[in-house]
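Participant: Sharing a structure with you now.
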Amino acid sequence: MAVESAELKARVKAHWEQEVCGSRWGDDPADRRNYFAQIEKSRYELDYMLKDFAHFEESKGKRVLEVGLGTGTDFVQWVRAGALAFGRDLTEAAVAVTKERVDLDGGHADVAVGDAEALDFPDNTFDIYYSWGVLHHTPNTEKAFAEAARVLKPGGSFRVMLYNYPSVGAVLVWLAQGPLRGRFVGLRGAYAAAMESPGTQMFSRSQSQELAAKYFRPDSIKIETYLGAGDLLTQRLSARYASPVWKVAQAVYPAWFVKHVLGHRFGTVLTLSATK
């Protein structure tokens, strides 16, 4: 199992080295400031719940660890807010982009390659641990939760986003990768095979609650679900869905029905906060 996990993690790393998460939202990579501004604008429009969840403004003077950096959009918010910010990502690509963003902002932070399942920090180091849409990609999510609890100080805040199960977005991936291709595959299997990096997981509210309760105060756990871009098809399509067929499907998709009839209960975005 350890060998399988290591092999899967290597594949996950290779995937995100090829395309830094969030990078497709910028149209002009040559103009770096404008490029990053475009990414930032799109991120907080699509992930409309993110800022209210993260509470960047509360971090001044606190030691914050963000695990999984993407293009560094959230990370620079911690730096701007005055946090003592530390960032770790499995890929060299995301680390390089995040360092560039911090430098362009004139900020200072500790950014390096790191593994969510084996963090390079002593026990009881941080006031806030934050990870948005990352821990469902690492093979052993529970080990990542355990590491988060280890490096947080007593009373420290744990703030993560995971993919919710079941969700509208998961059903769409299943339809696209299963029945529409003549394949017989389950919801989780389709997600693991075709949702971003290989092996992507989903967690129900009860699974998330149970997992968090092993490492954080059970009475402090708060879980919410939201409709995200993958449920409403408002995201920019990846190369996997670049054909005209998918663009037409996106154009005629009944987002109004998803919003007003199905609602947030079946949203892809699951936010979980807790206290050590």
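Participant: Take the residues in region 209-232 that are outside any loop (DSSP other than H, G, I, E, B) and more than 23 Å from Asn124 (Cα to Cα), then tell me which one is least open to solvent (accessible area, probe 1.4 Å).
Facilitator: Looking only at region 209-232, we keep the residues that are outside any loop (DSSP other than H, G, I, E, B), and these are 209-213, 218-220, 222-226, 229-232.
Filter again for more than 23 Å from Asn124 (Cα to Cα), leaving 223-226, 229-232.
Working: Ile223: 17, Glu224: 73, Thr225: 16, Tyr226: 62, Ala229: 16, Gly230: 31, Asp231: 0, Leu232: 25 Å².
Selected residue: Asp231.
Participant: Give the residues of region 92-113 that are assigned to a loop (DSSP other than H, G, I, E, B), surrounded by fewer than 22 Cβ atoms within 10 Å (Cβ to Cβ) and touching a helix residue (DSSP H, G or I) at 6+ places or on another chain (Cβ under 9 Å), sorted by residue number. Working first, answer last.
Facilitator: Step one: filter region 92-113 for residues assigned to a loop (DSSP other than H, G, I, E, B), giving 106-109.
Adding the requirement that they be surrounded by fewer than 22 Cβ atoms within 10 Å (Cβ to Cβ) leaves 106-108.
If the condition is that a residue be assigned to a loop (DSSP other than H, G, I, E, B), surrounded by fewer than 22 Cβ atoms within 10 Å (Cβ to Cβ) and touching a helix residue (DSSP H, G or I) at 6+ places or on another chain (Cβ under 9 Å), then Gly107, His108 are the ones that fit.
Participant: Which of the residues spanning region 263-276 are open to solvent by 10 Å² or more (accessible area, probe 1.4 Å), over 19 Å from Met195 (Cβ atoms) and either touching a helix residue (DSSP H, G or I) at 6+ places or on another chain (Cβ under 8 Å) or of a type in the set (Lys, Arg) (or both)?
Facilitator: Once the filter is applied, which keeps residues that are open to solvent by 10 Å² or more (accessible area, probe 1.4 Å), over 19 Å from Met195 (Cβ atoms) and either touching a helix residue (DSSP H, G or I) at 6+ places or on another chain (Cβ under 8 Å) or of a type in the set (Lys, Arg) (or both), region 263-276 yields Arg265, Ser273, Thr275, Lys276.
Participant: Given (1) assigned to a helix (DSSP H, G or I); (2) open to solvent by 40 Å² or more (accessible area, probe 1.4 Å); (3) in contact with a helix residue (DSSP H, G or I) (Cβ under 9 Å, 6 or more places away or on another chain); (4) farther than 18 Å from His137 by Cα, where does Gln235 come up short, assuming only one miss?
Facilitator: Failed condition: (1).
Participant: Can you go through Pro154, Pro139 and tell me which one is surrounded by fewer than 23 Cβ atoms within 10 Å (Cβ to Cβ) and in a loop (DSSP other than H, G, I, E, B)?
Facilitator: Details: Pro154 fails: in a loop (DSSP other than H, G, I, E, B).
Going through Pro154, Pro139 in turn, the sole match is Pro139.
Participant: Across region 35-78, what is the number of residues that are of a type in the set (Lys, Arg) and part of a strand (DSSP E or B)? If you could, list the steps in order and put the result at the bottom.
Facilitator: Residues of region 35-78 that are of a type in the set (Lys, Arg), as a first pass: 41, 43, 51, 60, 62-63.
Next, from what is left, pick out any that are part of a strand (DSSP E or B): 63.
Looking only at that region, the number is 1.
Participant: Still on this structure, I have one more. Restrict the check to region 118-136 and report whether at least one residue is over 19 Å from the mean Cα position of the chain (by Cα), on the phi > 0 side of the Ramachandran plot, in a loop (DSSP other than H, G, I, E, B) and in contact (Cβ under 8 Å) with a residue 24 or more places away in the chain. Outline the logic, then answer.
Facilitator: Just the residues of region 118-136 that are over 19 Å from the mean Cα position of the chain (by Cα), to begin with: 120-127.
From what is left, the residues that are on the phi > 0 side of the Ramachandran plot are 124.
Still in the list and also in a loop (DSSP other than H, G, I, E, B): 124.
Filter once more, so that each one left must be in contact (Cβ under 8 Å) with a residue 24 or more places away in the chain: 124.
There is at least one residue in region 118-136 that is over 19 Å from the mean Cα position of the chain (by Cα), on the phi > 0 side of the Ramachandran plot, in a loop (DSSP other than H, G, I, E, B) and in contact (Cβ under 8 Å) with a residue 24 or more places away in the chain.
The values are calculated or read from the model by the stated rules, or taken from the named source; none is laboratory data. Since this is a predicted model, take the numbers as computed values, not measurements. Positions of Cβ are backbone-derived with ideal geometry, glycine not excepted, and every protein chain shown enters the neighbour counts. For the accessible areas, the whole protein counts, side chains as well, though only heavy atoms, and no ligand, DNA or RNA atoms are used. Shrake-Rupley method; radii C 1.70, N 1.55, O 1.52, S 1.80 Å.
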